[in-house]
Amino acid sequence: MAAKLKCAKCGAEVDTPKHCKRPMHVEKVAGSDKLVCWMGADCGTAEVPMHCGAPMVEAGE
């Protein structure tokens with residue numbers, strides 16, 4: 001799991017939000033990319049942050 005989210009356009013990085021005390025990860029939920037708890041979408045989801053007008057990606061992608 002990535003511990004950072006990165007802007008694909010400018011390279012800015014932010015810490016990945018946590019849920020259940022662990023970093024969330026990007027996963028498709030109902031056809032859209034969401035941040036998902038390590039325990040699954042039923043436990044917790046959040047919107048992927050935007051930067052430079054585009055959704056951020058997990059660092060290392």
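Derivation of every value follows stated rules applied to the coordinates shown; laboratory data play no part. Everything numeric in this text was worked out from a predicted model, so none of it was measured. For neighbour counting, all protein chains shown are included, and Cβ atoms are generated from backbone atoms with ideal geometry for every residue, glycine included.
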Item to complete: Scan (i) -0.76, -0.97, -1.01; (ii) -0.82, -1.14, -1.20; (iii) -0.82, -1.30, -1.41 for the value of log10 I(q)/I(0) by the Debye sum over Cα atoms at q = 0.22, 0.27, 0.28 Å⁻¹ calculated from this model and give just the label.
Response: (ii)
Practice prompt. Work out the length of the dipole vector of the chain about its Cα centre, built from +1 on the beta-carbon of each Lys and Arg and -1 on the beta-carbon of each Asp and Glu, and round it to the nearest 20 debye.
Written response: 120
Worksheet, complete the sentence: The relative contact order of the chain, taking Cα pairs under 8 Å that sit 6 or more residues apart, comes to a percentage of 36
Worksheet item: Taking amide hydrogens as modeled 1.01 Å from N in the peptide plane, which residues meet the under 5 Å criterion relative to Thr16, leaving out close sequence neighbours?
Response: Lys4, Leu5
Worksheet item: So what J values fall out for the range 46-51 if you push phi through Karplus, 6.51 cos²θ - 1.76 cosθ + 1.60 with θ = phi - 60°, rounded to Hz, Gly and Pro as x?
Response: 8, 5, 6, x, 9, 8
Worksheet item: Can you list the HN-Hα couplings for the range 16-24, worked out from phi with the Karplus curve (6.51, -1.76, 1.60; θ = phi - 60°), rounded to whole Hz and with x for Gly and Pro?
Response: 5, x, 10, 9, 6, 6, 9, x, 7
Worksheet item: Of the chain, which part is the longest with no trypsin sites (Lys or Arg not before Pro) in a loop (DSSP not H, G, I, E, B) and with at most 13 other C-beta atoms within 10 angstrom?
Response: 22-61
